[in-house]
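K.L.:
What follows is a single structure, and I will ask about it in a moment.
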Amino acid sequence: MMKDFVGKLFPAVPCLFDEAGNLDEDANLHYAEYMSGAPVDGVAVWVHTGRGLFLNEHEREKVFSIWRRKFRDKIVIAGAGADSDVFESEGEDGYIERAVKMANMAKDLGADALLIFPPKPFEDHGKKVIKYHEEISSVELPMILFYLYPEAGGVEYDFEILERLLGMKWVIGIKLATLYSVVKMQDISNFVVEKFPNKVLITGEDRMFGYSLIRGAKSALIGLGSVLPNIQREMMNAYFEKDYDRFVKLMITVDKIAESLFVDPMEGYIERIEYMLYLLGIVPRKNVFDPHGPGIHDGDKERIRKVLVELGYL
């Protein structure tokens, strides 16, 4: 199973809504068809990019079924967790139960692995963090831990907690998305590579994609991968094939794309990705809408268009 997650590119795909904030099945199906022909090894649904914690069960089922159908022979990873509002209304047990229920639903629908949302309500309670992951592991699907920057609802696990989590039976690796902190990315990468060489270090570092490969990442599960994945696949191949001159050239291109999308306010990156997909003719203009984000402004649009023109896509 571990080898299935080494050297791979898994886009974390957005969930497409219409202008009223309703799930647009046709748009999601069209996008999934497009991505099924892209040089990717699978896909991640229900994760942060796909607003998984905000979808109801019916929407989750629809989204998962679309991607599973189009990715029959590839890996489909599903997010599992619970929104912090659940903790406020249902308490600790209810919060964990919701996360386990989401994981079970993913398994029943045919998920190959789970990406575990960090339990934000437990960020100062190490034992509860462990319990949360242990309960989800009872579903018996391969689990990918998620070290996510706090501004996006993440938890900065310390090394003691990481050691406990990485030692769990069903945990196959960890995704890093530190975003603002190259130091944390370096330190955690070193820790995983040195202490857990049998686990897969997976990059989610949109703004440090190429560099994170240099620091030991063996695969990518990344929102950036949902647009122009061909360039990112080429960059990864160049690095793993030790064609470093080509790798650096491609890394510069990938960085330009990321720097047009992943800027403050960071929660706007989803709609910016959708806008780039629209300019590329992949997503209709009416589906450039994230009901849970801050929106997109004219400066975003101009920056994104400028990059695509520079790269020869417009």
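Bear in mind these aren't lab numbers, they're just calculated from the coordinates by the rules spelled out. Values in this document were obtained by computation on a predicted structure and should not be read as measured data. In this analysis, Cβ positions are derived from the backbone assuming ideal geometry, glycine residues included, and neighbour counts consider all displayed protein chains.
K.L.:
Glu151 to Arg72: FRET efficiency via 1/(1 + (r/R0)^6), r the Cβ-Cβ distance, R0 41 Å, to the nearest 0.05?
P.N.:
Values: r = 36 Å, r/R0 = 0.89.
For R0 = 41 Å, the calculated efficiency reads 0.65.
K.L.:
Of Lys169/Lys242; Lys101/Lys131; Lys128/Lys175, which pairs sit farther than 26 Å apart, going by alpha carbon to alpha carbon?
P.N.:
Working: Lys169/Lys242 33 Å; Lys101/Lys131 15 Å; Lys128/Lys175 20 Å.
Result: Lys169/Lys242 exceed 26 Å.
K.L.:
Something else: In whole angstrom, how far apart do the alpha carbon centroids of segment 218-276 and segment 113-177 sit?
P.N.:
Between the Cα centres of segment 218-276 and segment 113-177 lies a distance of 25 Å.
K.L.:
Next up: At 0.36 nm per residue, minus the direct Cα-Cα distance, what do Glu92 and Glu140 gain on full extension? Give it in nm, one decimal, please.
P.N.:
Details: separation 48, 0.36 × 48 = 17.28 nm, distance 2.17 nm.
Stretched out fully, the Glu92 to Glu140 stretch lengthens by 15.1 nm.
K.L.:
Placing unit charges on C-beta atoms (Lys and Arg positive, Asp and Glu negative, everything else neutral), compute the dipole magnitude of segment 190-314 about its Cα centre in debye, rounded to 20. If you can, show how the numbers build up before the last one.
P.N.:
On the way: 17 positive and 18 negative charges, 59 e Å.
It comes to approximately 280 debye.
K.L.:
While we're looking at this one, here's another question. Please figure out what share of the DSSP beta bridges in the chain is antiparallel and state it in percent, rounded to the nearest 5.
P.N.:
Working: 1 of 27 bridges.
So the antiparallel bridges amount to about 5 percent of the total.
K.L.:
Hey, another quick one. Take the chain, mark every one of the GluC sites (Glu not before Pro) that falls in a DSSP loop and has at most 14 other Cβ within 10 Å, then report the longest stretch left between them, sites excluded. Let's see the in-between values first.
P.N.:
Values: sites that count: Glu19, Glu140, Glu241.
Between exposed loop sites, the widest span is 20-139.
K.L.:
Explain nothing, just the number: dipole magnitude of segment 2-228 about its Cα centre with +1 on each Lys and Arg Cβ and -1 on each Asp and Glu Cβ, in debye rounded to the nearest 20. Intermediate values should be presented prior to the final figure.
P.N.:
On the way: 26 positive and 35 negative charges, 207 e Å.
Here segment 2-228 has a charge dipole of around 1000 debye.
K.L.:
At 222 nm, what helix-only mean residue ellipticity would the chain give, in deg cm²/dmol to the nearest 500, using -39500 (n - 2.57) for each DSSP H run of four or more?
P.N.:
-15000 deg cm²/dmol
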